[in-house]
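Every read-out reported here was derived from the displayed coordinates using simple, explicitly stated rules and does not represent laboratory data. These numbers come from a predicted model, not from an experiment. Here the Cβ positions follow ideal geometry from the backbone for every residue, glycine too, while neighbour counts run over all protein chains shown.
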Amino acid sequence: MATSPLFTDLDQIFIILRNWLVGFLPAALRPATGIVLEVIAIVCVFPGLFALTTVFERKGLGRIQNRLGPNRVGPYGLFQPIADGIKAIIKEDIVPFSANAVVHFLAPLSLVVAVFMEFAVLPMGRNMVLVDLDAGLLFFFSMSVSTELSVFMAGWSSRNKYSLLGAMRAVAQMISYEVVLLLSSVSVVMIAGSLSLPKIVDAQNSYTGIFPHWYIFTPWGLAGFVMYAIAATAETNRSPFDLPEGESELVAGYHTEYSGFKFALFFLGEYLAMFSISGLGTTLFLGGWSAPFSFLTFVPSWIWFFSKVMMSIFVFIWMRGTLPRLRQDQLMNFAWKFCLPYTLLNLIVTALWHFMGEGWMRWVVCTAILVAVYVFMGRVEMRSEHFGPRRYRYAE
Amino acid sequence: MNIERAALAPPLKIQQPRTTNHGSRTTISEDALLGEGILKGMAETAKNFFLSYVSKERLTTVEYPEQRIPTVEAARVFPFLVYDGVDWEAGLRCVACQICEKECPPKCIYIDKSKDKKPDYVGKQQFYPTRFDIDISVCMSCQICVEVCPFEAIKMDTEFELATDDRFGGLLYDRKQLARSNEYYHSIHPTEASEVDARLGEEKAKVEAKARAAAEAAAAKAAAPPAPPAGGGS
């Protein structure tokens, strides 16, 4: 498809802008300044998105529950995040008397820093990636794992039983679902043959007719995506996996003892983690910045990336508005007895897909295996004694 | 111990057959796929989300300061004093009998009885309150003062926007602040006010009839003896 220079320019507008800005400097400073500009862009864009998401989430949840949601500050309540921000800044910053002050201070910072690092390897458009690491996926996961440390730092240093319980729940949950998250993305790596995220996007950026070669449109990709989505929800502590901060039993979980701006940082960290994990899911399964139809390729690539991320965020909010919180044992059972075996099976199916070569046979075989096992596990195994409603025993 | 066991026994009996005979299949139907319920729930919430932009009936929220719904007739907030006519001071129905002051459970009514008397709605000479204060920060809106008042002088108001920046003086209402015309009473509680008016009218008619009868009797008496002493007690 012939694209006009205008659309090519629009597609690369941020790169052009950066090069133009950097052009004012002597040549020796240009690469470093370019990187700094990109970092500034990331650090501005995603918190901005976070601010918008908080208000849209509250409005969306309101609509789901047939309420109006916030509509007082500014037109349609759009300035609500500004009011929230001012409130967070002017609130008193309370550190519990017996808390470990240093760790208590460092926890929200290290969380936000680690989450920001995840964006470094995400390709947000054509040529728009901060660092194209060969092992970008690995880097991403190592950063997302280190948020667990921050969560536990927060819970432990607060010296509060709710905080500690919340942190322990968070760590147990995040470690369990991390396995599923990793294994479901491994199948993508097996097919794409690379850990570099731009290369994974390139592998999906081709079309049969008008339809794209996204991995979600393959049997193993769909199964992997569903598992990835479940694990991502658990990983970001979003409802229905929001046990670490279940307010009905744990006040606010690991950030019970945080107030003011430190609390805002935790909040920011949670949403940034949501963005980054949606971005990774987009990159792995939804073709990253590639257009959904071949005739739409003229639309700038970054628009596609951000619209896919925002769609994922909408699904996150939608699930939060629908599902009640799980119980801890249900959560663990689901991770280890359903998700993990199923993603392992998905790995085998992916290998099968790879070795069966082109043709319709592999579609039938892979789909049949995945569906059969899903039905079997859902019907038989998940209904067995171990998974069903808890049997209560009374003292006699 | 035995009592405790007896209390615990029923759940055991209910619980056991459910878990042993049907296993865990009580809540989910046999042929449902795993995740089907979640999808159904998601469809329901999606319907809520999108239809709330279309149909106004889904959004039941009343945006209060701008939008208001009329208060129901039986609504009650704090008491007020009813007066007849145009002058609140002259028309107050209250005769300072102090029953409400004595009956008030949180003791938030303060009444000073007058030394002199003035005629009430039937023309009978009555005391009147020189002070009638209600501390609405104490009042619990129980309506007992209204129920005990024999003179239909105190009624419940529906005004609820009473916020003030003066915690003490601002919430202590004197008789002038409490006085509301009978027309106002009609406007907020029409049914009840009409009943009250009918009752008062009846009473007044009775009194007037009695007075008339007494006057007639007096006149007849005056007419019967040819030479009565002039004047007489008024």
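Here is how the numbers come out for the structure above:
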| item | result |
| --- | --- |
| Three-way shape call for the range A:298-377 based on the alpha-carbon gyration tensor, with the a/c threshold at 1.5 | oblate |
| Net dipole in debye of chain A [+1 Lys, Arg Cβ; -1 Asp, Glu Cβ; about Cα centre; nearest 20] | 840 debye |
| FRET efficiency, B:K56 to A:S259 (Cβ-Cβ, R0 35 Å, nearest 0.05) | 0.30 |
| Enclosed volume per residue, in Å³, of the convex hull spanned by Cα atoms of the range B:95-228 | 131 Å³ |
| FRET efficiency, 1/(1 + (r/R0)^6) with R0 51 Å, evaluated for B:T71 and A:S307 via beta carbons | 0.60 |
| Beta bridges by DSSP in the protein assembly as shown, antiparallel share as percent, to the nearest 5 | 85 percent |
| Taking the C-alpha atoms of the range A:198-256, convex hull volume expressed per residue in Å³ | 107 Å³ |
| Normalised alpha carbon radius of gyration of the range A:83-190 [divisor 2.2 N^0.38 Å] | 1.31 |
| Neighbourhood charge, 14 Å Cβ-Cβ cut-off, centred on A:K161 and excluding it, Lys, Arg +1 and Asp, Glu -1 | 0 |
| Virtual spin-label span in nm between A:I86 and A:V371, 7 Å along Cα→Cβ | 5.7 nm |
| Cα Rg, Dmax, the range B:93-158, angstrom units | 12.1, 36 |
| Translational diffusion of chain A, µm² s⁻¹ [Kirkwood Rh, Cα pairs; Stokes-Einstein; 4 °C; 1.567 mPa s] | 57 µm²/s |
| Mean shadow area of the range B:20-162, taken as a quarter of the surface of its Cα convex hull (nm²) | 17.8 nm² |
| Low-density loop positions, chymotrypsin sites (Phe, Trp or Tyr not before Pro), the range A:104-177 - DSSP coil, at most 13 other Cβ in 10 Å | none |
| 222 nm mean residue ellipticity, helices alone, for chain A (DSSP H n ≥ 4; -39,500 (n - 2.57); rounded to 500) | -21000 deg cm²/dmol |
| Top positive-direction residue, dipole computed over the protein assembly as shown with Cβ charges, set A:F116, A:P244, A:A51 | A:P244 |
| Scattering curve values for the range A:146-204, log₁₀ I(q)/I(0), Debye with Cα scatterers, q = 0.13, 0.25 Å⁻¹ | -0.50, -0.89 |
| Under 28 Å from the Cα of B:K113 - lysines, other chains or at least 8 residues apart | B:K102, B:K124, B:K155, B:K176, B:K204, B:K206 |
| Förster radius 56 Å - calculated FRET efficiency between A:L78 and B:A214 (Cβ-Cβ, nearest 0.05) | 0.10 |
| 17 Å reach of a label modelled at A:L106, 7 Å along Cα-to-Cβ, counting backbone N of the range A:119-159 | A:146-159 |
| Partners for A:K161 among aspartates and glutamates (Cα-Cα distance below 17 Å; same-chain residues under 8 apart left out) | A:E245, A:E247, A:E249, A:E257 |
| Average partner coverage of B:61-69, which counts Cβ from other chains inside 10 Å | 1 |
| Relative packing of A:182-193, B:60-71, A:79-90, which averages over residues the other C-beta atoms within 10 Å, highest first | A:182-193, A:79-90, B:60-71 |
| Taking N as its residue count, the alpha carbon Rg of the range A:29-81 over 2.2 N^0.38 Å | 1.67 |
| Viscosity 0.890 mPa s, temperature 25 °C, Stokes-Einstein D of the range A:1-158 from Kirkwood C-alpha radius, µm²/s | 127 µm²/s |
| Inter-label distance for B:Q125 and A:R379, nm, one decimal - labels placed 7 Å from Cα along Cα-to-Cβ | 9.9 nm |
| Distance between modelled label sites at A:S142 and A:I210, nm, 7 Å Cα→Cβ extension | 4.4 nm |
| Net dipole in debye of the range B:79-188 [+1 Lys, Arg Cβ; -1 Asp, Glu Cβ; about Cα centre; nearest 20] | 480 debye |
| Cα gyration tensor of the range A:179-277 - equivalent ellipsoid semi-axes, whole Å, descending | 35, 15, 11 |
